[in-house]
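In what follows, a single structure is set out as C-alpha cells and then discussed.
The values are calculated or read from the model by the stated rules, or taken from the named source; none is laboratory data. As the structure is a computational prediction, the values presented were derived from the model and not from experiment. Neighbour counts are summed over all protein chains in view; Cβ atoms, including those assigned to glycine, are modelled from backbone coordinates with ideal geometry. With ligands, DNA and RNA removed, areas are computed over all heavy atoms of the protein, side chains included. Shrake-Rupley method; radii C 1.70, N 1.55, O 1.52, S 1.80 Å.
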Amino acid sequence: MGAFLQDIRYGVRMLVKNPGFTAIAVLTLALGLGANTAIFSVLDSVLLRTLPVAHPEQLVLLTDPDSHGSSFGSEGGDRSLLAYSEFQYLRDHNEVFSSIFASDSELAKRPATIGRSSSGAARAEETVRVRLASGDYFSTLQVKPAMGRLFTPEMDQVRSGAPFAVASFAFWKQRFNLDPAILGKTIQIHQTSFEIIGVAPSGFFGETTGEAADVWIPITMQDAIYPGRDLLSPSSGEVNKHIWLQVIARLKPGITQDQAKAGINVVFQRMIESNIGLTASAAERKEFLSQRINLQAGARGPSTLQEAYGQPLKVLMALVGFVLLIACANVANLLLARGAARQKEFAVRLAIGAGRRRLIRQLLSESLLLAFAGAAAGILLAQWADTLLLQMVSRASAEQEAIQINLRPDARVLAFAIGVTVLSVILFGLIPALRVTRVDLSPILKSSAGGTTGEAGNRRPSAGKMLVIAQVAISLILLVAAGLFVHSLSKLSEVNLGYHAENLILFQVDGAPGGYKGPANLRFQQELLEKFSKVPGVHAATLSSDGLFSHSESADPVRVEGYTPKSGESPNTRMDHVGPQYFSTVGIPILIGREIGPQDSGNGPRAAVINQEFARRFLGDTNPIGKKVLDVYPGNPQEMEIVGVAADAKYNSLREKTPTRIYAPYFNPMWEHSYAFYEIRTQADPASVSAMLRNVVQETNSELPPIEIKTMPSLVDDSLHTDRFIARLAGVFGFLAMLLASIGLYGIMSYTVARRTRDIGIRMTLGAQPGGVLWLVLRETLLLVLVGVAVGLPVAFAGTRLLKSMLFGLGLVDPVAIVVSTMALAAVAALAGFLPARRAMRVDPMIALRYE
C-alpha cells in the first residue's frame with residue numbers, strides 16, 4: 001500500500017507537470033465515460049430499475065398494455081387490459097396471490113383547485129396527474145406512508161363513498177413545500193372534493209415506469225374523475241364493454257410464477273365461461289375461450305416506454321460504447337507518445353535497478369488517476385446530458401408533458417461508471433505501459449536526445465497507427481449507423497398519408513361530462529358538428545369515433561358475403577364510425593361508389609365504406625358494391641352494406657402496414673359512443689379558428705372540459721419522435737467519434753512528422769520539393785484511413801442487419817449512408833493529416849540537420 005501511495009503521489013506530480021497532456025486526456029475520457037453513463041442512466045430507468053417497493057421480485061403483471069395483447073373482449077390471445085368486473089372476479093376467486101390490485105391504465109390529467117375543506121379562501125388552480133387505484137394498491141406494493149394513511153380494501157365496498165386522495169411526495173414538495181398541514185386539505189376535481197389523507201414515501205412514483213402520479217384516488221370514485229361514464233358496472237347484454245385496467249398481484253409464499261399462471265388462467269377461463277352465455281355460436285365460444293392471462297414478472301412494473309425506447313436505447317448503448325473505445329484509443333496514443341518522450345527517464349531508472357514491473361505499475365497508477373479524473377468529469381457531464389436526454393425522449397409538442405422517469409444516479413449507475421472506468425484503464429493504460437517500458441538501454445543512454453531510437457522506437461509508431469486504424473474503423477461504423485437512421489427518418493417523412501395534412505385540425509369532444517348518453521349524445525354531437533361547420537374560416541367539418549393518429553382503435557370479428565374463411569381463420573377488421581363527408585373533408589379519395597353522407601344517418605339499413613386492403617383481402621376482383629358485411633361480435637350482430645371503396649390511409653403510424661378497415665356511419669352506429677374526434681378542414685389560419693371552436697363547445701355546454709386542438713402536421717411529427725430521437729443521438733455520437741478519430745490521426749501524424757524531422761531535412765537538402773514532402777505525409781495519412789475503412793465496412797454491413805427492424809424503406813445495404821459516411825470521414829481525416837503535412841513541408845533543412 002505504501003508503494004501504491006508513492007506511485008499515486010508521483011503520478012499526480014507528473015500529471016500536474018504536463019497540464020496540456022492531462023487536460024486533453026481527461027477531456028477525451030470525460031466525453032467517452034460521460035456519454036456512456038448518460039445513456040446507461042436512461043436505459044437503467046426505462047429497462048432495468050425495479051420498482052421502489054419492498055420485495056419487487058414477488059410482483060407479477062396480469063396485464064401489460066405495452067405487450068400488445070388483446071384489449072378487446074372478443075379477440076383471442078393475451079389480454080392486455082381487464083374490465084373492473086373481471087378484476088373483482090379474479091381478486092375474489094384466486095388462490096395463488098397474497099393480494100391483487102387494479103389501477104387505471106392511463107394517468108388522468110385533470111384541472112383541480114386546492115385548499116382546505118374548512119376554509120373559504122381563494123384556491124389556486126392546478127393540473128394534477130390522477131391515478132385511480134383499488135383499495136389494495138398500496139398494501140400490495142407494501143408501501144408505507146411518509147405521513148398520514150393510505151388506501152384500505154374497505155374503500156372498494158361503497159360506490160362513490162371514498163372521496164379521499166393520497167399525494168405523492170414530489171407533489172407535496174413542489175406544491176405544498178413539505179407543509180405538514182397538507183393532511184385535511186382538499187383537491188377539487190370537477191364537482192368532487194377529495195380530502196388528502198396521506199402522503200406516499202419519497203421516491204415512490206407509482207407502478208408504471210414513465211408515468212408519475214401526483215395523487216391517487218380510490219377506483220370507486222371513477223365517476224368523479226370521468227363524469228358521465230360508468231366504467232365499473234358490468235354492462236347488461238354485453239361482455240367486457242369497458243376494458244381499461246392494468247392489474248398487478250403479489251405471489252403467495254412458495255408459489256412460483258408458472259404455478260400462479262396456471263392457477264389464475266383456470267379461474268379466468270371459468271369466468272369467461274360464465275360470461276359467454278348460451279346464445280354464442282361454437283366459433284364465438286372458441287374465440288372467447290382462447291383468451292388467457294399471460295402472467296409476467298412485475299419487478300419493474302408495466303411501462304409506457306419499453307416498446308418505444310427499449311430497442312433504440314440498447315442500440316445507442318452499443319454506439320456510445322464504440323465512442324468510449326475511440327476515446328480510449330486516443331488516450332492510449334497520447335500515452336504512447338508521452339512514453340516515447342520519457343524513454344530516457346525509463347532507461348535511467350532501469351539502469352539503476354528499477355524492475356520493469358515497477359515501471360508498469362507506476363504508469364498504470366498514472367492511467368488510473370487519468371481515468372478517475374475523467375470519470376468524475378464524465379459524471380458531471382452525464383448529469384447535464386441526462387436532462388437534455390429527458391427532453392429529447394419526451395414528446396416535442398406543447399400538449400404533451402415530459403416523460404416522468406428518475407435519472408438520479410443510484411448504486412447501479414455508479415457501479416457502471418466505476419466498472420467502465422476500470423475497463424478503460426485496462427484498455428488505454430496497459431498496452432502503452434507494456435510497450436514503452438520495453439527499451440534497449442544502450443542506444444537510448446548513448447543518445448543525447450530524449451527521443452526514441454533503435455528497434456523499440458521503430459515498433460512504437462506502428463502501435464499508434466494500429467490504434468488510429470481501429471479509431472477510423474469504429475468511426476465509420478458509427479457514421480454509417482447515424483447515416484442509416486437519418487436516411488430512414490427522411491424516408492418516413494416522405495411517406496404518403498393518403499390524405500392532405502395541411503389545414504386539418506383535430507380534437508376530441510366527450511359528451512359524458514355534460515350528461516349526454518346514447519341517443520342524446522348523438523343529437524349533441526350532431527348539433528356541435530352543425531355549429532362547427534358554420535364557424536368562419538372552416539371549409540368543412542366531420543367527425544369519427546377513432547381519430548387520425550389518436551392511437552384509438554376499434555376492431556371486431558366479421559363475416560363477409562362471398563368470402564369463405566380458411567380453416568381455423570377468424571376474419572377480423574378495424575372499424576371506425578365516421579360522419580357525413582368524412583372522406584372529402586379529410587381528403588381520402590373514394591375509388592369506387594360513394595362516401596357516407598347525411599342520408600346514411602338514422603336507424604335504417606346501415607351503409608359502409610371499406611378500404612382497398614379490405615377489398616383486396618376479402619373480395620379480390622369481385623365488385624364490392626352491394627356486398628353485405630356482418631359484425632359478429634357476440635350479443636351485438638350488426639349488418640352493413642358496402643357502398644364505396646376508399647383509398648388506403650395511414651391512421652396511427654407512418655410505419656404501419658395498412659390493415660383492413662371498414663367505416664360505418666357515426667349517426668347510425670353499431671355501438672354507443674360517448675365521444676367523437678372532430679376533423680376540421682380550415683381555409684384560414686388554424687390558430688384563429690381554434691379559439692372560435694373552443695367557444696362553440698363552452699357555449700353549448702359549460703360543463704364540458706376545454707378541448708385540446710392539434711394540427712395534423714404536428715400529430716404526424718409527434719409520431720416520428722422516436723425515430724428523430726435516435727437519429728439525432730446517433731448523429732451526435734457519429735460526429736463525436738469522427739472528431740476523436742481525427743484528433744487521434746492528427747496526433748499520430750504530428751508525432752510521426754516530429755520524429756522524421758531530420759529525415760525530411762535530408763530529403764529537402766537533396767532536392768525534394770515541398771509538394772513532394774506534403775504528399776509523402778498525406779499519403780501515409782490516407783493509407784491509414786483506407787485501411788480503417790476496409791476494416792470498418794464489413795462490420796458496418798453486418799450491423800445494418802441488426803438495425804433492420806428499426807429502419808424504414810432501406811435495404812440490407814444502403815449505398816447513400818455508406819458513401820456519405822466514407823466521404824465525410826475521408827474529408828475530416830485529410831484535414832487532420834494536412835496540418836502536420838503542411839508543417840513538414842515548411843521544415844528548414846539547416847535547422848533539421850542540426851537537430852541531432
### Task
Considering the options Cys328, Ala373, Gln343, tell which one lies farthest towards the positive end of the dipole of the range 264-375, charges being +1 on Lys and Arg and -1 on Asp and Glu at the Cβ, about the Cα centre.
Gln343
### Query
Using 7 Å Cα-to-Cβ label points, what is the Thr192/Asn603 separation (nm, one decimal)?
3.4
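When Lys and Arg each count +1 and Asp and Glu each count -1, what net charge do the other residues less than 12 Å away from Ala262, Cβ to Cβ, add up to?
Numbers: positive: Lys261, Arg292; negative: Glu95, Asp258.
Taking every Cβ under 12 Å from that of Ala262, the sum is 0.
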### Summary
Expressed in nanometres to one decimal, the distance between label points 7 Å along Cα→Cβ at Ile418 and Leu831 is 4.1
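Dipole size in debye (nearest 20) for the range 467-570 around its Cα centre, Lys and Arg Cβ +1, Asp and Glu Cβ -1? List each step's numbers first, then the result.
Numbers: 7 positive and 10 negative charges, 18 e Å.
It comes to approximately 80 debye.
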### Task
Return the calculated 222 nm mean residue ellipticity for the chain, to the nearest 500 deg cm²/dmol, obtained by summing -39500 (n - 2.57) across DSSP H runs with n ≥ 4 and dividing by the residue count.
-15500 deg cm²/dmol
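What is the calculated FRET efficiency for Arg438 to Ala297, with r their C-beta to C-beta distance and R₀ = 56 Å, to the nearest 0.05? Mind showing how you got there, number by number?
Values: r = 52 Å, r/R0 = 0.93.
Once rounded, the FRET efficiency stands at 0.60.
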### Query
Can you give the accessible area of Arg838 in Å² (nearest 10), computed on protein heavy atoms with a 1.4 Å probe?
90
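So if each residue of separation counts as 0.36 nm, and I subtract the Cα-Cα distance between Lys173 and Glu569, what length gain in nm does that give? Please list the in-between numbers first.
Working: separation 396, 0.36 × 396 = 142.56 nm, distance 5.56 nm.
Roughly 137.0 nm would be gained on extension.
Please give the net charge around Ala832, taking every other residue with its beta carbon less than 15 angstrom from that of Ala832, where Lys and Arg add +1 and Asp and Glu add -1.
Details: positive: Lys465, Arg779, Arg838, Arg839; negative: Glu780.
That works out to +3.
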### Task
Could you tell me the accessible area of Met221 in Å² (1.4 Å probe, neighbours in place), rounded to the nearest ten?
10
### Message
Can you tally the net charge around Pro253? Count Lys and Arg as +1, Asp and Glu as -1, for every other residue whose Cβ sits under 15 Å from the Cβ of Pro253.
### Response
0
#### Entry: Nearest 10 degrees, 0 to 90: helix 454-493 Cα axis against the chain principal axis
20
#### Entry: Charged-residue dipole, Cβ positions (Lys, Arg, Asp, Glu), the chain about Cα centre, Debye nearest 20
5160
### Message
Tell me whether the range 128-227 comes out rounded, prolate or oblate; compute the Cα gyration tensor, take square roots of the eigenvalues as a ≥ b ≥ c, and use a/c under 1.5 as the rounded threshold.
### Response
rounded
### Query
Farthest toward the dipole's positive end in the chain, which of Phe171, Ser193, Pro218, given Cβ charges of +1 (Lys, Arg) and -1 (Asp, Glu) about the Cα centre?
Phe171
### Task
With a 1.4 Å probe and all protein chains in place, put Leu591, Leu251 in order of accessible area, largest first.
Leu591, Leu251
#### Entry: Two-decimal log10 I(q)/I(0) for the chain, as the Debye equation yields it once each C-alpha is a single scatterer, q = 0.09, 0.10, 0.11 Å⁻¹
-1.01, -1.15, -1.29
### trypsin sites (Lys or Arg not before Pro) within the range 632-681, DSSP loop, no more than 16 other Cβ atoms inside 10 Å
Arg655, Lys657
### Antiparallel bridge percentage (DSSP; both residues within the chain; nearest 5)
75
### Task
Only residues of the range 29-65 count here: report those whose backbone N is under 19 Å from the spot 7 Å along Cα→Cβ of Val795, or say none.
29, 32-33, 35-36
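Checking the a/c ratio against 1.5 first, then a/b against b/c, what shape does the Cα gyration tensor give for the range 665-715? Mind dumping the intermediate values first?
Working: a/c = 2.20, a/b = 1.34, b/c = 1.64.
In terms of gyration-tensor shape, oblate.
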### Summary
In nanometres, the difference between 0.36 nm per residue of separation and the alpha-carbon distance of Lys657 and Ala262 is 138.7 nm
#### Entry: Tyr10-Glu561 pseudo-label distance in nm [points 7 Å out on the Cα-to-Cβ vector]
9.5
### Viscosity 1.306 mPa s, temperature 10 °C, Stokes-Einstein D of the range 563-667 from Kirkwood C-alpha radius, µm²/s
111
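Over 22 Å between C-alpha atoms is what I'm after, so list which of Lys109/Lys185; Lys144/Lys261; Lys314/Lys657; Lys286/Lys517 land there.
Numbers: Lys109/Lys185 20 Å; Lys144/Lys261 28 Å; Lys314/Lys657 25 Å; Lys286/Lys517 33 Å.
Listed pairs above 22 Å: Lys144/Lys261; Lys314/Lys657; Lys286/Lys517.
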### Task
For the range 618-747, report the convex hull volume of the alpha-carbon atoms normalised per residue, in Å³, without decimals.
263
### Task
Specify the angular offset, from 0 to 90 degrees and rounded to the nearest 10, of the alpha carbon long axis of helix 721-755 from the longest principal axis of the alpha carbons in the chain.
0
#### Entry: Charge dipole of the range 722-841 about the Cα centre (unit charges at C-beta), most positive-ward option of Ala826, Pro770, Leu812
Pro770
### Query
Accessible area per residue of the chain at 1.4 Å probe, in Å²?
43
### Query
How big is the accessible area of Val828 in square angstrom, nearest 10, if you roll a 1.4 angstrom probe over the protein chains?
50
### Query
What ranking of Trp384, Trp172, Trp671, Trp216 comes out by heavy-atom accessible area, probe 1.4 Å, highest first?
Trp384, Trp671, Trp172, Trp216
### Task
Could you work out how far helix 2-17 tilts from the main Cα principal axis of the chain, as a 0 to 90 degree angle to the nearest 10?
90
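Whole-Å semi-axes of the range 694-742's equivalent ellipsoid, largest first, each the root of 5 times a Cα gyration tensor eigenvalue?
Working: eigenvalues 421, 16, 9 Å².
Over the Cα atoms of the range 694-742, the semi-axes work out to 46, 9, 7 Å.
Counting only protein heavy atoms, what percent of the accessible surface of the chain is carbon or sulfur at a 1.4 Å probe? Numbers along the way, then the final one.
Details: 21280 of 36550 Å².
In the chain, the share of accessible area belonging to carbon and sulfur is 58 percent.
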### Query
Shape call for the range 711-836 from the C-alpha gyration tensor, a ≥ b ≥ c root eigenvalues: rounded (a/c under 1.5), prolate (a/b greater than b/c) or oblate?
prolate
